[in-house]
Structures are given as structure tokens and as C-alpha cells.
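*Asks:* For reference, the structure I am asking about is given below.
The values are calculated or read from the model by the stated rules, or taken from the named source; none is laboratory data. These numbers were taken from a predicted model, which means no experiment stands behind them. Don't worry about glycine lacking a Cβ; one is built from the backbone with ideal geometry, like all the others, and counts go over all protein chains shown. Accessible surface is based on the protein model in full, side chains and every heavy atom, while ligands, DNA and RNA are left aside. Shrake-Rupley method; radii C 1.70, N 1.55, O 1.52, S 1.80 Å.
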Amino acid sequence: MPISVPVPILIAILMTLHCGSQAIQDSVMEGRMRGVTFGLGSIMLFPQQKHTAYTSSESAAQMTTVKLHQLETSSWLWGRQARKLINESVGTFLSLQTAVAEAEPDRRNAVLVKKCREYRSIIQACQQETENLQPGDEAEEGGTDPSAHDDFTALQDILYKMELILSLVELLFIDTMSEGHLLNQLVKWIQQHFPQHERKKSLVLQSDRPHLHPDYWNVVYGSVLQGRLEDARLMLSNHPSADTDPFLSIDELLRKMPVFQVYGGVSVGDFEARWQHWQSECERRLEEGFFAGSHHLRDICKILCGDLEAISKHMNLMDTWYHLMVSTLLFSKPVIKLFHLSTASQDAIVRMQDHQVITALDHVLLAAMEADMYQVVKECQQVMDNPWFTTHLTDLLYHTVHHKGKQQVMPPLRECLLLDYAELLAGHTSLWQVGLLYLDHCGPRGMAMAQEVLQRHPITSDTCAQKIVQMASDRDFDGVVVSVCRVMGRQALSQGRLGAAIWWGVRSKDAAFTSHLAHQILHKYISDGQFESSALLDNLGPAMLLSDALTFLGKYREFHVMYQEGRYEEAAALLVSLISSRLAPEYFWPVLLLDALPLLKAKEPVISSEQTYELMYILDTLTNTARDKDHTESEAVHTSFLDKEKDIRLALSHNLAQAIIHEGTVEA
């Protein structure tokens, strides 16, 4: 049956329709279309017919056959390589909520840093797995199909972007350490994401004559610009002139370049003084012509002096404006604060404008440099084709500002993105359970949506139903539990599985349904003399009180257990109480009297005189009404009862006499 879906999912579906309607190979669909939403993230399309006042039978006969087209949302998250990202990130998300809630105020920032790095590790693991698996290696990836190769490349690109953005957000917003440490973190960020000079260094050093390799000096310059000073010194040490004064001088300058250490015992002011002294020494040696004989060493020294022209000269070694920005800051402003990055990034973009086209990814990074976390989230939604990244990023930022006491638009933004991501997962056949875990942290709207997801999820098996019932019970969704159990109980009943039906009926707490099932089991016992699911009946417990018929069924099963265990007096008392209390349905009285016959014939009386009178009354009632009722339903039992009526009467008389004598003897 058609259902309504939340607006964000509907908008996403309509956008998909707008882009992909041409892919529907159906001539009838070339005109106007209509659609009906089915479930979460699915819409059923059909052509819109023009309505006329009259339609001739001839035109009706010539109408084209109409097909229904079901359109579902798609994302790269459904791919095999991205499943690891989803399944592992949910654990980090849940543990983050718990850890932040339990952590002391001064420890929450450390918790956020740890969890952010867990997210990054998950992304990096997916990157590594993707790099190891080439699209042509497996048929599942499409073999030589160009579209499969494009999808594979797009996946690698989006994983790289996510890790790049998240690592920058971590160092700018979350892992905010001492005042002078920001540049060191930015340098490490560039080193991690632009490792081409590190790779080229290994290739150059493996050659017989490294200094003659075409990439030798590019590796030296690139290492210096990335702050890999030890790599630069190693490369210079492999030059034949490494023992000359110019090379020894530049090596000394590289070795003595000050680097701020958070726990080094040096204040920011002392570090800046050391830096200025070191850079003054670089300028002095440059002016005195220490490197006049080598333009390469002279260029390196100019870079160390923070010469913008010298740095820009090697712009081809820096792929992006943010690489250029960090390299410039490294040799011009070794101690920089976050609010300085906005100006530095704009300057770098201007200097790089002839070498790079600004992309959507650049807008994300630029928003981070400007310390505008809300703009970061907004721009990320333009870069990513799914809400996975923006959801977890916003959750981290929410806890960050919450920890710092800044409550603005982040809480509602977080909830909205969590709902969008959970909706996407809830519409998937195998990821809907993960979506519920996110909905648990979305407040009242999340709980309402979780209830709808459980209520409308297709029930394909008993295991699936039990899973839904368990999840609904954990969330106190009593209405969902009752509804699912009723559906499964009626389905089991239609299949003739009375044991399963009674189990679902008990779980649903539906008195009328369980009463009907109990009567079905009693009729089945009358026909074949065996209980349906006796183990279940033995363990009903308080659930047997749900209806009178179920109570009788449970107690009658208890009578059989007592009789089999040899507890005849207890069994007799229970049997008579079932008859005298009128708890037993009237059609079952003959069965109870036949069950009493072996007890009446016992050597020692186990049925008292008062109980015997009660059985006699029941026997007379059955005898007087037997000829007035139709017993086709239990003809065999009725016939057996009539055949043994005389035996029952004799047994009752004999037991009454024995009981009176026994009771009189005891009293005496």
C-alpha cells in the first residue's frame, strides 16, 4: 500500500527522477509521469493518462500495455568496498556518544580526538583495501567495463577527500593544542597527503648516480618545502660536492632550523627569538655569497629565508594552494594562530590562480581555514554524494562546540543530518538495522521514525520477525510488538503451525486470538490425542492467564505432566477443579471424564467423595444433553464417551464408596 515518506527522501527521489528518467526504456513513459512513494527511498512510476469524458470501446481496446517502473535511490555506499565504512563507523559513533557522556569535562577533548582518529583509520583502511583491489582483478568489479573503472576511480577520489578534510578539521577544531603547535600540525598534514617527494626520493637514491637523476634537485626542493629537512640533508649528502663548504653550510642551516615542541620546555616567545636568530644567519650567509657557486643551494637558502619569489619559483612542486600556503608559512611565520589562516589562504589562492582551478573541495578547506565550521558542513554536502561523511563530521563538531559551551545551530543541524543518514540506511534491505542505531540518537523525531521503520519493514521469515520484535521491545515500542506478533500468529495459523501461532499470540498479548488458538489446539488434541508443541505449553508461566481458554489449556497440560510423574492425588484435584470451575469448554467435558476413569479405578481412592459428587453431576449433565446436540465435530470422542458411560458410572459409584469409607476411617 502506498505510504508517505519524509520530505528529504522524497526530494532526493525526485532529483534522481529528473536526472535519470531518460534511462527508462519505455515509450509510454516519454510523456508526463506520475509516481507513488513506496517505503523509504523508493517510488513507483507510471504514465499519466489524459482524462476524457467518454472513451470508446475501440480506443480502449487499442490502449498500450502499461508497465510500472520502481525507482530506488542509489549511492556508492551500497558497494562492497563501502560496507566496511558503514559497519565499522557505527561502532565508533555509538562509543563516541557514550564516552563523551561519561568523560570528565577536561577529558572530553581527548575523547573527541581519539574518536576522530578512529574515523580516519576506518577511511584509511578502506583506501588501502581499494588500492589493493584493482577493478580488473575481479569480475564483480566489472572487469574491463569502463563504467566500473570510473566508479572505482570515483570511490578512491571520495575516500581521499574525506580523509583530507577530516584530518584538517581535527587539527583546526578538535585537537587544539598549544599556541605555537598549529603550523607543525599543518606541515604533517601536507606531508601525509602529498607523499610524492618521499616516493621519488627512494627512486633517486636507488640509482647509481643520484645527483645525475632528473628528479634529484626537485626532490631536494620538494623535501625542503614540505619541512622534510632530514630527507633534504640525506639527498644533499649523496652529492659528490657534499664535503665542500657551501654544502656543509646549507646542511648546517637545515640541521639547526628551530622546530617548536609542545612539551620542549621552550615558550613561544623564546622560540620566536631563536627562529629570528636562525633566519638572520641564513640571510647573512646568503648576502655574503656563501652559495654563489651553486644556484641550487642559493635557491634553498632563499626558501629558508622566507623569500616568496623563491618559493613561488618552485610552485610546480606544490600541487595546491594549501600546500603553497603551508610551505610559505613554514619559512615566514613559524608561530601562527587560527585566525591568521584566512588571510594566508587567500594570499596563496591569489598566487596560485594561474596554476590551479578552485574546486568544491577547495571551498571546504577554505571554509575550515576561515574557522567557519557551519560553512564546512555546507560545502561538504556539495562535495560528497551521500550523507555519511557530513553526518559523522557534524556529530564531532557538535560535541566539540557543546564541550566548549557554544550552543547555536549545531544541535538541530546534527539531528537533521543524522535523520537523513538514518533514512538512507533504513531504506536498504540489509542496512536498516544500522539506521535504527542512529535514530536512537535523534530525539523524539528519531524515535518516531524508528517506530515507522520497524512497523513497515517487510517480514520475510520468523527470524526476521523475532529480530523486529526484539528491537521494538528494546525501544518500548509496544504497538509494534503487538502488530508484528499478530501478523506472524495469523500467518502461522494459516500454515497450520499451531505451536508457532500460539507462541506469537502470547507475545502479542491478544486475548481473543490466543483464546481462538487454544481452542484449535484442544480440537486437534481431541482428533489425534496429542498436544501441539507440548514444550511450549509446559513453559507458558503467567502468560496462560491471557485468556480463559489458554489458562485451561495450560492447566490441562499440567494435569498430564502430574499424571505421567505419578502424582495422582494432585492430578485428580486439578482435573476436578478444571471441571467444577467450568473453566473447561463444554465440548471438552467428555475428554475430562475419560481422563478421570483411570484415577477412579485406582486401588486407593485419590478422588474424594465431594469431588466424586461433582463428577457425577457433570456426567448426568452430559447424559441429559447428549441427545440434543450435534457432535459431528468430536464424533469419535462422543462415541467413546457413550461406550464407556456405564464404566464411568460404575467407577464413580465404587470410588464414592471407597472414598466415604476412607474418609470415615481417617476421621475416626
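*Asks:* Order 204-217, 567-580 from most to least packed using the mean count of other Cβ atoms within 10 Å.
*Replies:* Those peptides, ordered most packed to least, come out 567-580, 204-217.
*Asks:* So for the pair residue 574, residue 106, with labels modelled 7 Å out along Cα→Cβ, what separation do we get in nm?
*Replies:* With each label point 7 Å from Cα toward Cβ, the separation is 6.6 nm.
*Asks:* Further, regarding this structure: Can you pull the semi-axes for segment 339-487, root of five times each eigenvalue of the Cα gyration tensor, sorted largest first, whole Å?
*Replies:* Value: 42, 17, 8 Å, ordered largest first.
*Asks:* Quick one: net charge of residue 352's neighbours, Cβ under 12 Å, K/R +1, D/E -1?
*Replies:* -3
*Asks:* In Å, what is the Rg of the alpha-carbon atoms in segment 266-332, and how long is Dmax?
*Replies:* Cα only, segment 266-332: 13.3, 38 Å (Rg, Dmax).
*Asks:* What fraction of the Cα pairs in segment 430-516, stated in percent, has a spacing above 17 angstrom?
*Replies:* In whole percent, the long-distance tail amounts to 45.
*Asks:* Note down the net charge around residue 258, summing +1 for each Lys or Arg and -1 for each Asp or Glu among other residues with Cβ under 14 Å from its Cβ.
*Replies:* Around residue 258, the charge tally is 0.
*Asks:* Here is a further query. Based on the mean of other beta carbon atoms within 10 Å per residue, what is the order of 486-498, 514-526, 458-470, most packed first?
*Replies:* Put in order of decreasing packing, that is 514-526, 486-498, 458-470.
*Asks:* Using a 1.4 angstrom probe on heavy atoms only, work out the carbon and sulfur share of the accessible area of segment 220-375 in %.
*Replies:* With neighbouring chains kept in place, the figure for segment 220-375 is 50 percent.
*Asks:* So if I take the alpha carbon set of segment 166-258, get Rg, then get Rh from the Kirkwood formula, what is the Rg over Rh ratio?
*Replies:* Rounded to two decimals, Rg/Rh equals 1.07.
*Asks:* Taking R0 as 51 Å, what FRET efficiency do you get between residue 340 and residue 491 from their Cβ-Cβ distance, rounded to the nearest 0.05?
*Replies:* 0.15
*Asks:* Given R₀ = 51 Å, what would the calculated FRET efficiency be for residue 372 paired with residue 460, taking r from the Cβ atoms and rounding to 0.05?
*Replies:* According to the calculation, E is roughly 0.60.
*Asks:* Also: Taking square-rooted eigenvalues a ≥ b ≥ c of the alpha carbon gyration tensor, is segment 239-371 rounded, prolate or oblate, where a/c under 1.5 means rounded and, failing that, a/b exceeding b/c means prolate?
*Replies:* oblate
*Asks:* Count neighbours as other Cβ atoms within 10 Å of each site's Cβ, and list the GluC sites (Glu not before Pro) in segment 248-316 that are DSSP loop with at most 13 such neighbours.
*Replies:* 288
*Asks:* Net charge near residue 462, counting Lys/Arg +1 and Asp/Glu -1 over other residues with Cβ under 14 Å of its Cβ?
*Replies:* That works out to +4.
*Asks:* Let me ask something else about it. In segment 224-279, what chymotrypsin sites (Phe, Trp or Tyr not before Pro) fall in a loop by DSSP, with at most 13 other Cβ atoms inside 10 Å?
*Replies:* Answer in residue order: 263.
*Asks:* How far apart, in nm, are the 7 Å Cα→Cβ label points at residue 441 and residue 261?
*Replies:* 3.8 nm
*Asks:* Apply 1/(1 + (r/R0)^6) to the Cβ-Cβ distance of residue 603 and residue 68, taking R0 = 60 Å, and write down the FRET efficiency to the nearest 0.05.
*Replies:* FRET efficiency, residue 603 to residue 68: 0.20.
*Asks:* I've got another one for you. Take the residue pairs 67/378; 84/337; 555/603 and return only those whose Cα atoms are more than 28 Å apart.
*Replies:* With Cα atoms farther than 28 Å apart: 67/378; 84/337.
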